[in-house]
1. What is the one condition in (1) closer than 25 Å to Val144 by Cβ; (2) in a strand (DSSP E or B); (3) over 16 Å from the mean Cα position of the chain (by Cα) that Ile50 does not satisfy?
2. Within region 174-188, count every residue that is closer than 18 Å to Phe155 by Cβ and either in a loop (DSSP other than H, G, I, E, B) or touching a helix residue (DSSP H, G or I) at 6+ places or on another chain (Cβ under 8 Å) (or both).
3. Being charged (D, E, K, R), exposed (fewer than 10 other Cβ atoms within 10 Å of the Cβ) and out of contact with any Leu (no Cβ under 8 Å at 6 or more places or on another chain) is the requirement here; does Asp90 meet it?
4. Name every residue in region 38-80 that is polar (S, T, N, Q) and out of contact with any helix residue (DSSP H, G or I) (no Cβ under 7 Å at 6 or more places or on another chain), in order of residue number.
5. Within region 25-68, track down each residue that is among the polar types (S, T, N, Q), out of contact with any Lys or Arg (no Cβ under 8 Å at 6 or more places or on another chain) and buried (at least 16 other Cβ atoms within 10 Å of the Cβ).
6. Which is out of contact with any Lys or Arg (no Cβ under 6 Å at 6 or more places or on another chain) and within 21 Å of Asn98 (Cα to Cα), of Phe193, Phe140, Phe155?
7. Being surrounded by fewer than 17 Cβ atoms within 10 Å (Cβ to Cβ) and in a loop (DSSP other than H, G, I, E, B) is the filter here, so list the residues in region 1-24 that pass it.
8. Does Thr136 satisfy the criteria of being in the same structural domain as Ala111 (by TED's automatic domain parsing), touching a Cys at 6+ places or on another chain (Cβ under 8 Å), of a type in the set (Ser, Thr, Tyr) and under 20 Å from Ala112 (Cβ atoms)?
Amino acid sequence: MSVDDATMELIRESVQRKTLVYFSANKVKVVFQTQVHSIRSRSVVIYNSIPPEYIARVMDSEQFYLKIQSIRFVCDQVTTDGIHLLYPLDNMRLIEDNRNAKRYNFGTKDAAFIEVMNPLDQETVLRKSLLDMSSTGLSFRTPVESMLYSAGRRFEKMRIYMDGKLHSEVAGQVVYQQSFLTKDGKSYCQVGFKFDSAQNNR
């Protein structure tokens with residue numbers, strides 16, 4: 001899918017609102033949080049938040065991903081003006097579009113979290129803050145990657161709390177865990193979880 005007018009408007013909006021966006025490359029396992037500086041010369045100009053130790057592997061990659069709100073792009077090459085990353089509009093392809101999906105995003109101040117029994121020891125109760133949730137799954141934050149959250153790991157009776165009250169109880173499995181590096185240089189891991197059956201969010 002190519003970039004249409006509606007998508008361009010969303011990119012312009014991210015510039016005006018200084019929305020956080022996410023840049024990654026296929027030879028690096030880390031996703032870099034950054035912002036769109038501007039749009040110029042047929043490129044999306046991105047603040048370069050990549051630490052020096054990652055730059056060589058990023059630039060040696062064959063595919064580069066950019067996620068802006070609920071849409072995700074890929075391109076085969078990025079360049080730089082010496083300060084910023086230049087993501088080419090003519091080469092970028094839309095590969096994921098969830099603008100029509102109803103998804104709830106939670107900030108650090110939101111009282112939304114999950115509690116579930118550790119499936120490995122059947123004793124420890126895990127409690128994690130939610131990052132987002134839809135009718136088909138959710139994601140939560142954890143300090144570092146762990147074998148506990150390997151893809152395919154099942155969790156039963158996962159309780160979801162909002163504003164101190166039990167919202168729902170679900171079961172399902174981990175579909176991914178991904179390391180993120182914020183634009184301030186702090187790292188965390190995001191774990192994605194898919195429900196066994198769709199939920200009616202309320």
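1. (2)
2. 2
3. yes
4. Here is the first cut: in region 38-80, the residues polar (S, T, N, Q) are 38, 41, 43, 48-49, 61, 63, 69-70, 77, 79-80.
Within region 38-80, Ser41, Ser43, Asn48, Ser49, Ser61, Gln63, Ser70, Gln77, Thr79, Thr80 meet the criteria.
5. Quick first cut of region 25-68, residues among the polar types (S, T, N, Q) only: 26, 33-35, 38, 41, 43, 48-49, 61, 63.
Still in the list and also out of contact with any Lys or Arg (no Cβ under 8 Å at 6 or more places or on another chain): 26, 38, 41, 43, 48, 63.
Within region 25-68, Ser43, Asn48 meet the criteria.
6. Phe193
7. Met1, Ser2, Asp4, Lys18, Thr19
8. Working: in the same structural domain as Ala111 (by TED's automatic domain parsing): yes; touching a Cys at 6+ places or on another chain (Cβ under 8 Å): no; of a type in the set (Ser, Thr, Tyr): yes; under 20 Å from Ala112 (Cβ atoms): yes.
So Thr136 does not fit the description; no.
The values are calculated or read from the model by the stated rules, or taken from the named source; none is laboratory data. Note that the structure is a prediction, hence the values are computed from the model and not measured. Cβ atoms come from the backbone with ideal geometry, glycine included; neighbour counts cover every protein chain shown.
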